[in-house]
1. How many residues does region 449-461 contain that are part of a loop (DSSP other than H, G, I, E, B) and free of Cβ contacts under 8 Å to residues at least 24 places away in the same chain?
2. Any residue at all in region 294-313 that's of a type in the set (Phe, Trp, Tyr) and outside any strand (DSSP E or B)?
3. For region 92-129, enumerate the residues that are farther than 19 Å from ALA260 by Cα and of a type in the set (Gly, Ala, Ser).
4. Which numbered condition in (1) without any contact (Cβ under 8 Å) to a residue 12 or more places away in the chain; (2) small (Gly, Ala, Ser); (3) touching a Ser or Thr at 6+ places or on another chain (Cβ under 6 Å) is the only one that ALA43 fails?
5. Against the condition within 16 Å of ligand 4 (Cβ to nearest atom) and either surrounded by 14 or more Cβ atoms within 10 Å (Cβ to Cβ) or of a type outside the set (Phe, Trp, Tyr) (or both), how does PRO454 come out, does it pass?
6. What do you reckon, is CYS464 surrounded by 16 or more Cβ atoms within 10 Å (Cβ to Cβ) and part of a strand (DSSP E or B)?
7. Which is more than 29 Å from GLY317 (Cα to Cα), away from ligand 2 (no atom under 16 Å from the Cβ), outside any helix (DSSP H, G or I) and of a type outside the set (Val, Ile, Thr), of ASN405, ASN411, ASN361?
8. With the requirement that a residue be among the polar types (S, T, N, Q) and either within 16 Å of ligand 3 (Cβ to nearest atom) or in contact with a Lys or Arg (Cβ under 8 Å, 6 or more places away or on another chain) (or both), what does region 287-307 give you?
Amino acid sequence: MLYLLALLLHRLPLAMGQYDICKSWVTTDDGPSWEFYACQPKAMRMKDYVTVRVDPAGITCGDPPERFCTHENPYLCSDECDASNPDLAHPPKLMFDSEDEGLATYWQSVTWRRYPEPLLANITLSWNKSIELTDDIVITFEYGRPTIMMLEKSLDNGRTWHPYQYYADDCMEAFSMPARRVRDLSTTSANRVLCTEEYSRWVGSKKEKTVRFEVRDRFAIFAGPDLKNMDNLYTRLESAKGLKDFFTVTDLRMRLLRPALGGTYVQRENLYKYFYAVSNIEVTGRCKCNLHANLCTFKEGSLQCECEHNTTGQDCGKCKKNFRSRSWRAGSYLPLPNGSPNACAAAGSAFGNCECYGHSNRCSYIDFLNVVTCVSCKHNTRGQHCQHCRLGFYRNSSAELDDENVCIECNCNQIGSLHDRCNETGYCECKEGATGPKCDDCLPNYYWRQGCFPNVCDEELLLCQNGGTCYQNQRCVCPVGFKGVLCQQSRCEVDKKDCDGAPSARAGLGTILLSVLVLQLRGFVDL
Ligand SMILES: *[C@@H]1O[C@H](CO)[C@@H](O)[C@H](O)[C@H]1NC(C)=O
Ligand SMILES: *[C@@H]1O[C@H](CO)[C@@H](O)[C@H](O)[C@H]1NC(C)=O
Ligand SMILES: *[C@@H]1O[C@H](CO)[C@@H](O)[C@H](O)[C@H]1NC(C)=O
Ligand SMILES: *[C@@H]1O[C@H](CO)[C@@H](O)[C@H](O)[C@H]1NC(C)=O
Ligand SMILES: *[C@@H]1O[C@H](CO)[C@@H](O)[C@H](O)[C@H]1NC(C)=O
Ligand SMILES: [Ca+2]
């Protein structure tokens, strides 16, 4: 009976939909055991877990109370926004509440009374967790959609931002971009950032209220119009570089750049009808758990994957302690239909007690030494447990031993250093005259020219004599009549015939021309 149940459970993942079970208890010829699969949490309404921020300060209407009107009734400006009165207030949280049928609740901005100064507002949604979008983002605007707006996303909790989609009634004018539609994208451009005019034209405020970021249309490029062929999408998500990340966000930001105009130009005499009002922001997605969890729970104010496969971390992005005998890997959708769990394995599960700190997934037993040793240590490590750095690398003292970047390249200057090894703090061994951690500098009184050489001359001790000038510490440029390293020698001391009278009297014209020619060749005389 138990046996039968186990078999039934095993069949469940296929029946219930893809990748929703992380493991099942199966019976094989060798007896019962766990079998593991790639798994992911269900898609959820992400607005229930979001933190919102609206910028700049004072952009929300009602403080002080303000009158406004709508494009339908532009001269009946009797509506009021008053932040101190719950019935008349329009705080940001009303973008995320659940509404009774027909009764829209919405955040509203101040009116455009400062026209022609632009009316700008940022709505920033943060989850403090990577989310994979599974359906369209749908933003509902009461009283008209903005004529210019931009959607941005962050993948690192708001540290860096990237454009996600541009929206304008005239893309060329607003963003100097041609207007495109997601439906016209192809398999090679499925993650292109584009500008669309579909959601910004004035069609009467009551008719069209939504602005979309089309996730389904982009999925449909691979999975077909009804998303029937999800296998193809999952295959593409694994193989196409950057495609998975395109649908992953930790934060979203709507940059509202110009409100609905209700016509072709702004009526200066009635600025009370220009403002933003957002009643709902729908974001559907699942926690990114790297295919190592099928549950994601809201704990201590943040979403958190319930990691399986002996992984841990907010996104199941690393192996649990003592399960680091090979490096962490995300699960994979492939091969279809159950994918690969790529589970973390216990240290010592394969051989004796051979920990390789995740730098190798193979151990080997050396008979005559009676030791087990890691084979083919990666990440520039070496040693029985891949616990040392290869020659030419040094240990990053602030990184854990199982960090992929634990070994840092020495990067010794090839000319300035004796060899490409360095000590534990990254210092290279320098040739004479060279200095600096990487030996790419010269000591004082040395100059750099394919290596460090002692100064021939300088402005202090090794002065050029007799009016000579020091050229880049490398040599003295001597005046006519002197020679020697420091121009210390008069030519006539060497050769008596250079001495009497002016040089021109004795030296032949040919000699003078020759000297000038030589100097010119050296670049010292400009003829
Ligand atoms: C909105 O955010 C962008 C960065 O994403 C920033 O440059 C801009 O100044 C912000 N605008 C307002 C009104 O806060
Ligand atoms: C974000 O999530 C992490 C991990 O759950 C948590 O430690 C941190 O306090 C959260 N930060 C904020 C600002 O909520
Ligand atoms: C994780 O470790 C436990 C032991 O703590 C083991 O029973 C289980 O099979 C491991 N799971 C995977 C996927 O390796
Ligand atoms: C050393 O490791 C720490 C922690 O992983 C990291 O932040 C730092 O950038 C690393 N230093 C270098 C030079 O790579
Ligand atoms: C590495 O060499 C530098 C320079 O010679 C020295 O200051 C440092 O103490 C050395 N570090 C170690 C760990 O030996
Ligand atoms: Ca609402």
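1. Qualifying residue count, region 449-461: 5.
2. Within region 294-313, none of the residues are of a type in the set (Phe, Trp, Tyr) and outside any strand (DSSP E or B).
3. Across region 92-129, the qualifying residues are SER98, GLY102, SER126.
4. (1)
5. Here the answer is no, as PRO454 does not meet what is asked.
6. Against the criterion (surrounded by 16 or more Cβ atoms within 10 Å (Cβ to Cβ) and part of a strand (DSSP E or B)), CYS464 does not qualify.
7. After ruling out the rest, the residue left standing is ASN411.
8. Passing the criteria: ASN290, ASN294, SER302, GLN304.
The values are calculated or read from the model by the stated rules, or taken from the named source; none is laboratory data. This is a predicted model, so every value here is computed, not measured. We place every Cβ from the backbone using ideal geometry, glycine too, and count neighbours over all the protein chains shown.
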